[in-house]
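Below you'll find the structure, written out as C-alpha cells, and then a few comments.
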Amino acid sequence: MNKKYYFAYLFILFSIFIFPLQPLHAGEKRGLSDGQTIYVPAYSHIYSGNRESPFLLTVTLSIRNVDPHHHIKITQVDFYETQGKLIKKHIDTPLVLKPLESLRYIIPEKDKSGGSGANFMLEWKSDKFVNSPIVESSIMIGTQNQQGVSFTSRGRVIIASE
C-alpha cells in the first residue's frame, strides 16, 4: 500500500472513532428543535475601579426567530437577580413570534435590582422542528464618568424538548 494512502486511511479511521456522529432522536432533524429553555446572562451592572464601584448598565434582551418559514411560541420570559430570586415575569400568556420576527425587553440603566449576576430564563415551543431562535442580551453603554461600556451575552440552552 502506498504510504500516502496508508496515512489517509489511518486518518479516516481515526476521525470516525474520535469524532463520532451524534445520534438523532426519532423525528428529529439535525440542528432543529421544537422547544428549549434558555438561560441568558444579563449584567445590570459591572464593577469598575479598585473600590469595585457598580457601573450601571441598560440591558436589552433580544429574541430573534431565525426560521424563515415557521412561527415559534414564547411561553416564558423571566428576569432574575444575582441570588436567583425572580424579579419580574415579562409575559403572562404565550406570544407568537412570526418567521424572522424579533422581540425585545429592556431593563433600564437606573434599575439596580438585577445586579452583576442578573439573568433571564426564556422558554419557547413550536408545533414542528424549526431553527432555534437567537437569544442574547445586549448590555449597553453606561455613561458614568464619560465612560461607555457595551457587550453582548449569548443565551445557552439548558433544557431541550424531548
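The values are calculated or read from the model by the stated rules, or taken from the named source; none is laboratory data. The shown structure was predicted, so the numbers you read here are calculated from the model rather than taken from an experiment. Ideal geometry is used to build each Cβ from the backbone, glycine not excepted, and the neighbour counts take in all protein chains shown. Accessible surface areas use protein heavy atoms only, side chains included; no ligands, DNA or RNA. Shrake-Rupley method; radii C 1.70, N 1.55, O 1.52, S 1.80 Å.
Being part of a strand (DSSP E or B) and at pLDDT 80 or above: is that true of ILE91 here?
Values: part of a strand (DSSP E or B): no; at pLDDT 80 or above: yes.
No, not satisfied.
Tell me whether region 111-124 contains one or more residues that are at negative phi, part of a strand (DSSP E or B), open to solvent by less than 50 Å² (accessible area, probe 1.4 Å) and hydroxyl-bearing (Ser, Thr, Tyr).
Start the filter on region 111-124 by keeping residues that are at negative phi, which leaves 111-114, 116-124.
This time we only want the ones that are part of a strand (DSSP E or B), so: 119-124.
Now restrict to residues that are open to solvent by less than 50 Å² (accessible area, probe 1.4 Å): 119-124.
With the extra rule that they be hydroxyl-bearing (Ser, Thr, Tyr), the set shrinks to none.
No - not one qualifying residue is present in region 111-124.
The conditions are (1) open to solvent by 70 Å² or more (accessible area, probe 1.4 Å); (2) of a type outside the set (A, V, I, L, M); (3) modelled with pLDDT under 75, and GLU28 fails exactly one of them. Which is it?
(1)
Give region 96-110 a look and list any residue that's assigned to a loop (DSSP other than H, G, I, E, B) and either β-branched (Val, Ile, Thr) or open to solvent by less than 60 Å² (accessible area, probe 1.4 Å) (or both), or say none. Step through it out loud before you land on a result.
Just the residues of region 96-110 that are assigned to a loop (DSSP other than H, G, I, E, B), to begin with: 98-101, 108-110.
PRO99, PRO108, GLU109, listed by residue number.
What's the number of the condition THR82 fails, among (1) open to solvent by 40 Å² or more (accessible area, probe 1.4 Å); (2) modelled with pLDDT of 95 or more?
That leaves (2) as the condition not met.
Does THR75 qualify as being closer than 19 Å to ASP127 by Cβ, modelled with pLDDT of 75 or more and part of a loop (DSSP other than H, G, I, E, B)? Full working, then the answer.
On the way: closer than 19 Å to ASP127 by Cβ: yes; modelled with pLDDT of 75 or more: yes; part of a loop (DSSP other than H, G, I, E, B): no.
Criteria not met by THR75.
Within region 88-109, how many residues turn out to be without any contact (Cβ under 8 Å) to a residue 60 or more places away in the chain, more than 18 Å from THR37 (Cα to Cα) and in contact with a strand residue (DSSP E or B) (Cβ under 7 Å, 6 or more places away or on another chain)?
Restricting attention to region 88-109, the residues satisfying the condition of being without any contact (Cβ under 8 Å) to a residue 60 or more places away in the chain are 88-106, 108-109.
Among the residues that remain, those that are also more than 18 Å from THR37 (Cα to Cα) are: 98-101, 106, 108-109.
Checking the rest, the ones that are also in contact with a strand residue (DSSP E or B) (Cβ under 7 Å, 6 or more places away or on another chain) come to 106, 108-109.
Residues that pass the stated criteria total 3.
Collect the residues in region 45-72 that are modelled with pLDDT of 90 or more, among the aliphatic types (A, V, I, L, M) and under 17 Å from SER138 (Cα atoms), keeping them in residue-number order.
Applying the first criterion (modelled with pLDDT of 90 or more) to region 45-72 yields 59-72.
Still in the list and also among the aliphatic types (A, V, I, L, M): 59, 61, 63, 66, 72.
Across region 45-72, the qualifying residues are VAL59, LEU61, ILE63.
Does any residue of region 55-62 turn out to be under 21 Å from ARG154 (Cβ atoms) and of a type in the set (Gly, Ala, Ser)? Break it down into steps so the answer makes sense when it comes.
Just the residues of region 55-62 that are under 21 Å from ARG154 (Cβ atoms), to begin with: 57-62.
So of that shortlist, the ones also of a type in the set (Gly, Ala, Ser) come out as 62.
Yes, region 55-62 has at least one match.
So how many residues does region 47-87 have that are without any contact (Cβ under 8 Å) to a residue 24 or more places away in the chain and farther than 20 Å from ASN119 by Cα? So that I can check it myself, show each step before the final result.
Quick first cut of region 47-87, residues without any contact (Cβ under 8 Å) to a residue 24 or more places away in the chain only: 49-53, 84-86.
Next, from what is left, pick out any that are farther than 20 Å from ASN119 by Cα: 49-53.
Residues flagged as without any contact (Cβ under 8 Å) to a residue 24 or more places away in the chain and farther than 20 Å from ASN119 by Cα within region 47-87 amount to 5.
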